[in-house]
1. Name every residue in the range 184-204 that is under 19 Å from residue 101 (Cβ atoms), over 20 Å from the mean Cα position of the chain (by Cα) and in contact (Cβ under 8 Å) with a residue 24 or more places away in the chain, in order of residue number.
2. Kindly list the number of the only condition in (1) touching a helix residue (DSSP H, G or I) at 6+ places or on another chain (Cβ under 9 Å); (2) surrounded by 15 or more Cβ atoms within 10 Å (Cβ to Cβ); (3) closer than 19 Å to residue 142 by Cβ that fails for residue 57.
3. Looking at 108, 122, which is the one that is touching a residue at least 24 places away in the same chain (Cβ under 8 Å), assigned to a helix (DSSP H, G or I), surrounded by 15 or more Cβ atoms within 10 Å (Cβ to Cβ) and within 23 Å of the chain's Cα centre (by Cα)?
4. Which of the residues spanning the range 30-55 are more than 12 Å from the chain's Cα centre (by Cα) and farther than 24 Å from residue 126 by Cβ?
5. For residues in the range 178-204 being assigned to a strand (DSSP E or B) and touching a helix residue (DSSP H, G or I) at 6+ places or on another chain (Cβ under 7 Å), which is surrounded by the fewest Cβ atoms within 10 Å (Cβ to Cβ)?
C-alpha cells in the first residue's frame, strides 16, 4: 500500500478510507515492535493510580498483532503500573510521530501475564541485556540511598529475573489519528469492531 503524503510529508487522510488507514497503522505498529529506530517504538502508557490520578510513562512496544488487535510491552511486575492495571485495566496509549506531525491515541484494556506461558515465551525471546533489567533485588520505585549501578547481563540460561518479568497485553477496538496540516488538521476515530472497518471524522 502506498502511503498518502501531502507536500509537507504528513499523512493525508482525505484520500484514504478507514480500512486503508487501519492497514497503514497496523504496519507501523508491527515495524515499531521489531525496530528501535521506528517512530512508534516508544509509546506512552497512562494508567490510573491508587488515588484516582492519571499516571503516564514511556515503555517499549514489544509486539503488535493486528488480527487480535493487541499491543504488548514488558514490565517489572513490582512496578506501580502493574498494580494499577490489575486494579483498573483500562489504559491509554499515545504516540506522537514528529516526521508525520501526527498523534495516535488508543484506549485499551490491559491484561498482566506473569509466570505463565505468555510471559515465559517472551522471556525466552528476550536478549540477556534486556533480562538484566529484572534481576535487581530492589524494586522499581523503591527509595534508595544512592543511584544503583547498571545490572550485568545474566547468562543465557539464568532465569533469576523471570520472577519479576511481566508481559502486558493491551487489546483495543478503536484508535484515533490526528494529522496536523497547515491547510486544515485531520482527525478520525477508526472503529475496528465493525465489518468492514468504519470511521468517524472528528473536528480537530
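1. Selection gives 186, 202, 204.
2. (2)
3. When all the criteria are applied, what remains is 122.
4. 48, 49, 50, 51, 52, 53, 54, 55 - these are the residues of the range 30-55 that are more than 12 Å from the chain's Cα centre (by Cα) and farther than 24 Å from residue 126 by Cβ.
5. 198
Every read-out reported here was derived from the displayed coordinates using simple, explicitly stated rules and does not represent laboratory data. Note that this is a predicted model, so its numbers are computed, not measured. Positions of Cβ are backbone-derived with ideal geometry, glycine not excepted, and every protein chain shown enters the neighbour counts.
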